[in-house]
Structures are given as C-alpha cells and as structure tokens.
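Undergrad: I'd like to ask you about the structure that follows.
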Amino acid sequence: MLNSYLTIMRREITYMWRDKGLRYILLLVTLLSLFLFWGTYSAQLLKDIPTAVVDLDRSNASREITDKLKTAENLKITARPGSFAELKELIKQGEVVTGVVIPEDYAKDTALGRHTRIYTVIDGSNFIYATNASTAVLSVTRTVSAEVGIQQLTGSGMQYQQAQEAYRGIQIQQEPWFNPTLNYAFFLVLGWVLNVWQQCCTLASCMIIAGETGMCSWLQIKAAGFSRLKLFTSKSVVHVITFMLLILPVYIIANWVFKIPFNDHFWLLTLFTLVFTISLHSIGALASSVARNSLDATRYGMIIALPSFVLSGYTWPLEAMPQALQVFAKVIPQTWFFQGVNYITFKNPGWEFISHYFIVLAALAAVFYTLAAAITAYRY
Amino acid sequence: MRQVLNIANYETRHVFKDIVLFGMVFLIPLAYIAFFSCVYIAGILTDIPLGIVDLDNSKVSREITTTFKNCPKFKTIDSINTYDQLEKAMNNGTVRAGIVVPEDYAQKTSHRQDTKIMAVYDASNLIWGYNIKRYTSQVIGEIRANHTASYLAGQGYTEKEVKNIMSSISGNIEVWYNPTYNYTAFILPALIMMVLHQIGLLSVCLTVTREKENNCWLQYLCSPIARWKIFLGKALPYFIAIFFNYALLTWSTSYFIDLKIIGSTALIVLLGFLYSTFITSAGFFISTKVPNSLQATRYIMLLSIPMFIISGYTWPATHIPGFINFLARLLPFTWMAEGFRLVTLKELGFQYVNHIILILAAAAALSTILALQFKKRQKPREKGLTVNCGPTYPGNK
C-alpha cells in the first residue's frame, strides 16, 4: 500500500527534476530574490533625504536654522543654491527632494518681532520620500518657531522659564510600535520574497492535473484503473514538501543572517506557512483542473498569484479598499497568509486570534481541493 | 510589404483564435489596471482607527483627546478605555494608533513634574506608519499651538499680541506634484508600465514558440522571406496592441480615476512608442530562444516583481547599493517608469527626459537587432529525454 504511494512520489520527483525550467525556477528564484531584495533595502531606514537650503539672509540666525536642518532626523543638506530658481531646477532634476528657503531680512524681522516666513518645498512625486521629508521639516520649523517665540516673550519681559513653559508645556511622545526604527527592510523584504515564492509554487502546482492528463501516459493510468485519489495525494505530498523545503532556508537566512525579526515565532511561522502551502497548492490544483493544457493552467494560476500580494493588504491596507474588494480578497488564501505573516512576525496576537487564520486557510484548501476533484472527475 | 502584411494577418488570426491569448492581448491589461485602480481608489488614508486611553480624565486631557477626535484622518474606537485594551487592539489590528494620557497628568503638569502623553502607532506596515506619524505630528502641532495661545492669554496678553507672537514665523510647507500625498498618483503609473511590460512580453513571446510547437517555424526558416519581414509581420500586431493598450490605460486612468496625466502629449506618445517597440522586440527575441510557450510564460511571469523593486521607483535609488542600481539601469522598465513620472506627474519638458528617451531608443534598437538575429538555417537538435523542456508540453498536442 505504502509502496505504491512512494513509487508515485518518486516518479513525481523525477518529473519535477527533469523539467529543467521549473527546476531552475524552484531552486534559484526564491533564494536569489531574498538576496536581491535584501540588497535593495539594505539601507533599511530612509535617512539622508537630499535637502537644499537657500539662505537669502546669510545671518547668524539663518545659519542656526541651517545647523538645525543639518542635525534634523533623516535630512541631509546636499546643496546650497543661491536662489529659489536654482532650487526649483534642482527639484525638477531630482537632485534634491526638499528645499528650505530662508528669506532676506529673516534675522532683522525676527529681532523686531515682525512676521517672517520660512518656505519649504517638498517633491511629492515619491510618496515615501515626501512623507518622511515633511515630518522631518515640520519638526525643525516648529523648533525654530518656538525658539523665536521664546525670544520674543523674554524680550517683552517674561521670565525665560515661563516663556519656555508657554511653548513646551505639553510633552507628547510619538512611539512606533512593532517596528520601532521604522525599518523598511523589516517591513518589506520578507513580504516580497514570500510573494515571489508563492508565484514559483503556483507555477509548479498548476502542473498537478494538466501535467498528468496532458501526457499520453494518462491513458495507461486510466486503463489500468489506478486510483486517482492515490495519484493526486502522492503528487500533492511531493509538491507541498518541496515548497516547504524551498522556503525554510529563506526563513533561516532571513532570520539568522539578515536579522529580520520573527518575534520568536519561527516555528509558528513555519507551521502557518505549511498550512498556507496546502491552501496555495489547492488553488493551483483548481486552475489545473479547469485548464485545457499546462500552459493555460500556468496562466490561470498566475492570474490569481500576480495581483494577490497587492490585494492582500500587506502594503496598501485592506481597510482602505472598497468593501466589495475586501470581500473578494478574503476568498484568496494569499490575503490570509500575508496578513498572518505580518501579525506573527511583528506582533504578538495570541493563539486565539491567529488560529482563526489557520482555520480559514484550511477551509479554503478543502473547498478548492473539492472543486478541483469534482471538475477532474467530470472531465476525465 | 505584402509578405509582411500576410504574416501579420496570419498572426492576428492566431490571436483571435486562441481565446486566452486574445484576452491577454486585449482585455487583461485593462482588467488589471481597473483592478489596481479599485485597490488604490482611496488614495489617501483616512478613518484610521484610533484608541484613546484617558487615564486622567481632566479638563486638560479632554482638550487634548478632543483634538485627536476632531482630526478627520482618525476614527476613534470608543470601546478602548484601558492600556491593556489598547495593547490588545494594536496587536490584533483593531486600532492602528493610540493616545495614552497618564493618570494625574493635569496635576503633574501644573506642578511642573515630569509626565508625558504617549502617541503610539502601528509601524508593522509602514504605509500606516508613515501616514500616522505625519498626521500625529500635525495634530501635536495644533495642540501645542493651542496650549501656547491659552497660556499667553492666561498671562494677560491680548488676542492680537498672542497672534503676533505666534505667527512671527510661519513655516509654510508646499508639496509639489502630489500635494495630497495621494498614493494612487504615486503607484499607479508604475503599475501601468509593469502590466504593459508583463502582459506584452507574455503575448509576444508565444509568436515563435507556437510555430515551433506546431512544427511550422521550419516553414518560415526555409521560406525565401527575409528575416526582417518575418519579424516585422509577426511582431506588428503585438506592437499595435501594446501601443493601443498604453494609450488606453493612460487615457482611462486619467479620465475615470483622475490620475494626474499632464505634460507634453508628444513626449508621452514618444515614450510609449519606444517602450512598445522594446517590449515587442524583446518578446520576439525570447520567443526565438525558448523551446516552448510554457517555459517562456514561466520565466516572464517571474520578472515583474524584482524589476519593480530594484527600479528605485518606490524605495529611492539613492538608498540602493551601486551594483543593484547598475542592474536596474539595464532594464528599460526603470527608465520608462521614471520618464513617465517626470512627464505626466512633474510636467517636465524634453530637456529633463532627453537622456531617458535616448536610453529607451537604444534599448528598442538593441532588442530589435537581437530579434533579427535568428538563424534561418538550423540543424534540429537531438537530445535525450526532456520533460516540458522540449518543443512541446503536456496537453499541447
């Protein structure tokens, strides 16, 4: 009994190995993508945003602002254009992302208590740069504004401490949770690699039925009265084990070498990935069951796999998508997987919460496998 | 010319005959972009679930929490009243930000003792993280300004004096090109270019593999038709379809979801022409090299994500190591995505994108030269047993 299972499994391994294109994809692509994506995000934090300062005043007071900008979180002064027109040109050319213009007579106006304006320009074409730059600049301009205010109050006769109290009376501390340094690599590298991995797995799992029924040997299998369930189960076990063997080294390297935090949930994540792998395989089997041939099966599988990451809410939040799309997203295993990965690696959601994700993935797998079996039984 | 048109006609009939290929050439690019548009339709994150834990419940603390409640970017979740509840809600994603006012806050501040309010946010997803950080900074600024104003009023300053002191420096921040930090305006142009690249290549790459699988490629190779005519005839329908899709996606996103598409039409057309030429020629070249449609499809499917990430479109190229930047600059997608952004979002003229146009032209020329390199005399290769790597794949025959 077990022997026949093992024979089919050995056969499946041989077929997968001899499929050169698939072999290279499975062995190399996921691992290479880990190194490529880690390399891309190796800076990890978005520091040193290129900033230009146009100092039209050239006074001690204006130089103080420049010094503050130099030490500001995430900003780096890379240019000191002589005029606003030059600054505009630098932003157009993409040389700088932020420009701060200190007006003429800045020192004189502040000393006399007259209104003056520090003008800041941010290139909003890159969202990531723009959000970080605006927060950094806002912090500097507020500090400068508070210091000038304190100067004016002390000038009008108020005690220094009182003046300080007026501006700094309320202490509010911002605290990012789960990813305290706002590390972009921690946020995205694992997500992107898992996305590539699930695409590779989809390519392989789409072959499970179409790859068999499309070959002449299928007639022999049918004529021999061989159990389809046994054939399918044995092939599926090989696929799922292969997919897991592909992702485990990625997890180990990501966690141990690149120090991507798993929040001490390495084994929970591995178990969760196993459940997802079965669920993902069921989608591949379904695509394979309705396809005319392996090419179509691959296309159908990828139509689901390609946009699934965007739809999963791993980057742009699910809550910000239209309601209908949120419902649709929840039918796709990738949504539950990527959401679950985020919770497991960053947070401590507790078994009660995360078990829900396990159950949904298992239920989706059961539904997709049943559909695939029904379609296959009807067609072949 | 007649020969070219005949081949093009034959190819077009193939596209219309294969329903999946027809869908890929004419429907899927639009379907994908319609789908992505729906995903990013909000563009700006609002109604961020916020938990407020006011352990002081004083007048001062209520003023502060009310400012957060009144901020249109946040939506307060009233069921959260304790720190434990907030922690649990942050862990399970019920709230993405929280405000904690400690006990005796008002009393301690009045005695000038050390105490502070905590504004926490979920940074496990940095789209949430960056936005909440920015919104929170704005609200904190407002709270501090209100505090300063009321403090000065309490010290006997008149309203006018308070206004003068507080507005002595205004720090105007002007965000150019995308003033509302709209995520759709940022991400969708690159997705359009990626979809065109992916689906375009997937369609064209079948043009020769299909002939190989049907044992018809030999007829082309043996015929007295020049290579450039074979290439042109087979590539022409795809070039027209890709360019048509480029125009359709650009127009439809601008018309239906108000994607900012401004700038010179001539430049937009020129960029699209060069990009479509590159995709068509590169797809044809791949098609001549791979054994069958299945292999071509598999390889091309996996291109889009790495290409997108290393391009520097989202994570800036200034923060990407040199060798990866070098690799990215070899890919026309990198240049096209950047060029399209410069022209349509930043409304820049020819002098700012001339280098991009030159590079795309070089890429288009190079890929065309490579596409024309297929040999008309080929000896059939004899090899041992191959699975799915030969001139056929399961279900093809």
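What follows draws every value from the coordinates through simple rules; no lab data is involved. Note that the structure is a prediction, hence the values are computed from the model and not measured. Quick reminder, even Gly has a Cβ in these numbers, built from the backbone with ideal geometry, and neighbours come from all protein chains shown.
Undergrad: Where does the range B:263-326 land on Rg(C-alpha)/(2.2 N^0.38 Å)?
TA: Working: Rg = 15.4 Å, N = 64, 2.2 N^0.38 = 10.7 Å.
My calculation over the Cα atoms of the range B:263-326 gives 1.44.
Undergrad: Provide A:Trp17, B:Trp335, A:Trp316 in ascending order of the number of other Cβ atoms located within 10 Å of each residue's Cβ, fewest first. Present the calculation step by step, with values, prior to reporting the outcome.
TA: Values: A:Trp17 13, B:Trp335 27, A:Trp316 23.
Lowest to highest Cβ neighbour count: A:Trp17, A:Trp316, B:Trp335.
Undergrad: So what's chain B giving for Cα Rg divided by 2.2 N^0.38 Å, two decimals?
TA: On the way: Rg = 29.4 Å, N = 397, 2.2 N^0.38 = 21.4 Å.
Rg over 2.2 N^0.38 Å, computed on Cα atoms: 1.38.
Undergrad: Moving on to the next point. For helix A:184-205, what angle does its Cα long axis make with the longest principal axis of chain A, in degrees from 0 to 90 and rounded to 10?
TA: With both axes taken from Cα atoms, the answer is about 20 degrees.
Undergrad: While we're on this one: Give the percent of DSSP beta bridges with both residues in the range B:48-166 that are antiparallel, rounded to the nearest 5.
TA: Numbers: 4 of 12 bridges.
Taking every DSSP beta bridge with both residues in the range B:48-166, the antiparallel ones total about 35 percent.
Undergrad: Hey, another quick one. Can you give the charge dipole size of the protein assembly as shown about its Cα centre, rounded to the nearest 20 debye, using +1 on the beta carbon of Lys and Arg and -1 on the beta carbon of Asp and Glu? Mind showing how you got there, number by number?
TA: Working: 65 positive and 46 negative charges, 741 e Å.
Charge dipole of the protein assembly as shown: 3560 debye, to the nearest 20.
Undergrad: I would also like to ask the following. What whole-number distance in Å separates the alpha-carbon centres of the range B:207-253 and the range A:205-270?
TA: One Cα centre to the other: 36 Å.
Undergrad: I need the calculated FRET efficiency for the pair B:Asp78 and B:Lys116, taking r as the beta carbon distance and R₀ as 35 Å, to the nearest 0.05. Intermediate values should be presented prior to the final figure.
TA: Working: r = 24 Å, r/R0 = 0.69.
The computed FRET efficiency comes out at 0.90.
Undergrad: Applying a 10 Å radius around every beta-carbon, put B:194-201, B:124-131 in order of their mean neighbour count, most first.
TA: Values: B:194-201: 25.4, B:124-131: 22.9.
Order by mean packing, descending: B:194-201, B:124-131.
Undergrad: Positive end of the dipole of the range A:238-370, charges at C-beta (+1 Lys, Arg; -1 Asp, Glu), about the Cα centre: which of A:Phe353, A:Ala254, A:Ala363 has its Cα farthest in that direction?
TA: Result: A:Ala254.
Undergrad: Still on this model: Could you pull the Rg and Dmax for the protein assembly as shown, using just the Cα atoms, both in Å?
TA: Taking only Cα atoms of the protein assembly as shown, I get Rg and Dmax of 30.0, 103 Å.
Undergrad: Which semi-axis lengths, in whole Å and largest first, follow from the square roots of five times the eigenvalues of the Cα gyration tensor of the range A:134-251? Provide the component values of the computation, followed by the final result.
TA: Values: eigenvalues 1004, 29, 18 Å².
That gives 71, 12, 10 Å for the three semi-axes.
Undergrad: Next question. Suppose only helical runs count, i.e. DSSP H with n ≥ 4. What mean residue ellipticity at 222 nm does that imply for chain B under -39500 (n - 2.57) per run, divided by all residues and rounded to the nearest 500 deg cm²/dmol? Write out the running numbers ahead of the final one.
TA: Values: 18 runs with 243 residues, N = 397.
It comes out at -19500 deg cm²/dmol, rounded to the nearest 500.
Undergrad: Can you give the Rg/Rh ratio of the range B:209-281, where Rg is from the C-alpha atoms and Rh is the Kirkwood radius?
TA: Details: Rg = 17.1 Å, Rh = 14.6 Å.
In the range B:209-281, Rg relative to Rh is 1.18.
Undergrad: Another one. Counting Lys +1, Arg +1, Asp -1, Glu -1, what net charge surrounds B:Arg227 among other residues with beta carbon under 10 Å of its beta carbon? Present the calculation step by step, with values, prior to reporting the outcome.
TA: On the way: positive: B:Lys229, B:Lys375, B:Lys376; negative: none.
Charge balance near B:Arg227 sits at +3.
Undergrad: Rank these for me by crowding, B:Ile165, B:Ile19, B:Ile64, A:Ile241, going from fewest to most other beta carbons within 10 Å. Before the final figure, lay out the partial values.
TA: Numbers: B:Ile165 21, B:Ile19 10, B:Ile64 25, A:Ile241 14.
Placing the least packed residue first, the sequence is B:Ile19, A:Ile241, B:Ile165, B:Ile64.
Undergrad: Same structure, new question: Using a simple charge model, +1 on the beta-carbon of Lys and Arg, -1 on the beta-carbon of Asp and Glu, nothing else, what dipole does chain B show about its Cα centre, in debye to the nearest 20? If you can, show how the numbers build up before the last one.
TA: Numbers: 36 positive and 23 negative charges, 450 e Å.
The dipole magnitude comes to about 2160 debye.
Undergrad: State the answer as a single residue: which of A:Leu27, B:Leu191, A:Leu194 lies farthest towards the positive end of the charge dipole of the protein assembly as shown, with beta carbon charges of +1 for Lys and Arg and -1 for Asp and Glu, about the Cα centre.
TA: Selected residue: A:Leu27.
Undergrad: If you don't mind, there's one more thing I want to ask. Would you mind checking the tilt of helix B:227-257 against the longest principal axis of the Cα atoms of chain B, expressed as 0 to 90 degrees and rounded to 10?
TA: Around 20 degrees separate the two axes.
Undergrad: Excluding B:Gly312 itself, calculate the net charge of residues whose Cβ lies under 10 Å from the Cβ of B:Gly312, where each Lys or Arg counts +1 and each Asp or Glu counts -1.
TA: On the way: positive: B:Arg329; negative: B:Glu338.
Within the 10 Å Cβ shell, the charges total 0.
Undergrad: Same structure again: Which whole number gives the average, over all residues in A:43-53, of C-beta atoms from other chains lying within 10 Å of the residue C-beta? Kindly include the intermediate steps, with their values, before the conclusion.
TA: Working: counts 6, 1, 1, 6, 1, 2, 3, 2, 0, 0, 0.
The mean count of partner-chain Cβ atoms within 10 Å per residue comes to 2.
Undergrad: Oh, and also: Answer with one residue from B:Leu5, B:Val290, B:Thr66: the one whose Cα lies farthest towards the positive end of the charge dipole of chain B, charges on Cβ with Lys, Arg +1 and Asp, Glu -1.
TA: B:Leu5
Undergrad: For the range A:49-168, what does the relative contact order come out to in percent, with C-alpha contacts under 8 Å and a separation of six or more? Show your work: numbers first, answer last.
TA: Values: 162 pairs, mean separation 31.6, N = 120.
Relative contact order here is 26 percent.
Undergrad: Enter the Cα centre distance for the pair the range A:102-149 and the range A:56-81, rounded to the nearest angstrom.
TA: So the two Cα centres are separated by 10 Å.
Undergrad: Could I ask something else about it? Cα axis of helix A:127-155 to longest principal axis of chain A: angle in degrees, 0 to 90, nearest 10?
TA: 20
Undergrad: Within the set of other residues whose C-beta is less than 15 Å from the C-beta of B:Met194, count the net charge using Lys and Arg as +1 and Asp and Glu as -1. Intermediate results must be reported in sequence, preceding the final value.
TA: On the way: positive: B:Arg341; negative: B:Glu338.
Overall, the nearby charge balance is 0.
Undergrad: Going by how many other beta carbons lie within 10 Å of each one, how would you line up A:Cys201, B:Cys38, B:Cys216, A:Cys206, fewest first? Could the numbers behind the result be given before it?
TA: Numbers: A:Cys201 27, B:Cys38 16, B:Cys216 13, A:Cys206 31.
Placing the least packed residue first, the sequence is B:Cys216, B:Cys38, A:Cys201, A:Cys206.
Undergrad: Taking Cα centroids, how far is the range A:315-380 from the range B:83-146 in Å?
TA: Using only Cα atoms to place each centre, the spacing works out to 32 Å.
Undergrad: Under a point spin-label approximation (7 Å from Cα along Cα-to-Cβ), what is the A:Ala224-B:Ser170 distance to one decimal in nm?
TA: Simple spin-label model gives 8.4 nm for this pair.
Undergrad: Quick check on the protein assembly as shown: of the DSSP beta bridges with both residues there, what percent are antiparallel, nearest 5%? Provide the component values of the computation, followed by the final result.
TA: Values: 8 of 39 bridges.
Beta bridges within the protein assembly as shown, antiparallel portion: roughly 20 percent.
Undergrad: What share of all Cα pairs of chain A, in percent, falls into each consecutive 10 Å distance bin?
TA: Answer for chain A: a P(r) of 5, 18, 22, 17, 13, 11, 7, 4, 2, 0, 0 percent.
Undergrad: Sorted by average packing, counted as other Cβ atoms within 10 angstrom per residue and highest first, what order do A:76-88, A:330-342 take? Mind dumping the intermediate values first?
TA: Values: A:76-88: 15.1, A:330-342: 22.1.
Most protected by this proxy first, the peptides run A:330-342, A:76-88.
Undergrad: Please average, across the residues of A:107-120, the number of beta carbons from any other chain that are within 10 Å of each residue's own beta carbon, and give a whole number. Write down the numbers at each step before the final one.
TA: On the way: counts 0, 0, 2, 2, 0, 1, 4, 2, 6, 4, 6, 5, 5, 5.
Shielding by partners across A:107-120 averages 3.
Undergrad: OK, next. Within 10 Å of each Cβ of B:44-54, how many other protein chain Cβ atoms are there on average?
TA: Working: counts 1, 4, 1, 2, 3, 1, 0, 0, 0, 0, 0.
If you average over the peptide's residues, the count of other-chain Cβ atoms is 1.
Undergrad: What does the convex hull of the Cα atoms come to per residue for the range A:49-168, in Å³? Could the numbers behind the result be given before it?
TA: Details: hull volume 11.6 nm³, N = 120.
Hull volume over Cα atoms, normalised by residue count, gives 96 Å³.
Undergrad: In deg cm²/dmol and to the nearest 500, what is the mean residue ellipticity at 222 nm of chain A if only DSSP H runs of at least 4 residues count, each as -39500 (n - 2.57), divided by the residue total? Can you show the working numbers first?
TA: On the way: 17 runs with 252 residues, N = 380.
My calculation for chain A gives -21500 deg cm²/dmol from helical runs alone.
Undergrad: Rounded to the nearest 20 Debye, what is the dipole magnitude of the range B:171-322 about its Cα centre when Lys and Arg each give +1 and Asp and Glu each give -1 at the C-beta?
TA: Details: 8 positive and 4 negative charges, 116 e Å.
So the magnitude is around 560 debye.
Undergrad: Evaluated at 4 °C with a viscosity of 1.567 mPa s, what Stokes-Einstein diffusion coefficient in µm²/s does the range B:48-166 have when Rh comes from the Kirkwood expression over alpha-carbon pairs? Before the final figure, lay out the partial values.
TA: Values: Rh = 15.3 Å.
For these conditions, the coefficient is 85 µm²/s.
Undergrad: While we're looking at this one, here's another question. With a cut-off of 8 Å between alpha carbons and a minimum separation of six or more residues, what is the relative contact order of chain B in percent?
TA: Working: 474 pairs, mean separation 75.7, N = 397.
Value for chain B: 19 percent.
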